[in-house]
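Following: one structure in structure tokens, then a few remarks.
Nothing in this text is a laboratory measurement; each read-out follows from the coordinates by a stated rule. Fair warning: this is a prediction, and the values are worked out from it, not measured in the lab. Every residue, glycine as well, gets a Cβ built from its backbone with ideal geometry; the counts of neighbours run over all protein chains shown.
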């Protein structure tokens, strides 16, 4: 089973109430091996919600209590991001999770980059809170950006490859 950011599957879980539908991921959704998650919703944040960024650090530093996540108006949402990551980890324990495909730049799901906390679309290297916790738990994490069909089929397994190449 693979955890996938719900917005990538076309679910309206994005902060603005829309999705980030990803055609390649959606193509393979019928295989039944994706578990859609939105850590921000799982942590109790509403949809739609104000944009959130990590202020002065990364998801790893949020988990260590060294920085906070805030909404655009300054509201602290660190507890909700940590709760959402914790809920995702419950799924890791419930199901045989082999990987996660997450939305790049998200304060929860960013794999390689997140926004810098200035709300000016500037990126910094690092992971979101959920991505960091998954990585700490040795779950391979992948960004949807640059994800190839070959990679995705490899993650899903050989029986999927046979089904889709017939």
For this session: Can you tell me the alpha carbon radius of gyration of the chain divided by the globular rule-of-thumb value 2.2 N^0.38 Å?
Result: 1.00
Problem set entry | Ordering of 102-111, 52-61, 132-141, 23-32 by packing [mean C-beta count within 10 Å, highest first] | 102-111, 52-61, 132-141, 23-32
Exercise. Taking Cα pairs under 8 Å and at least six residues apart, what relative contact order does the chain come out at, in percent?
Worked result: 22 percent
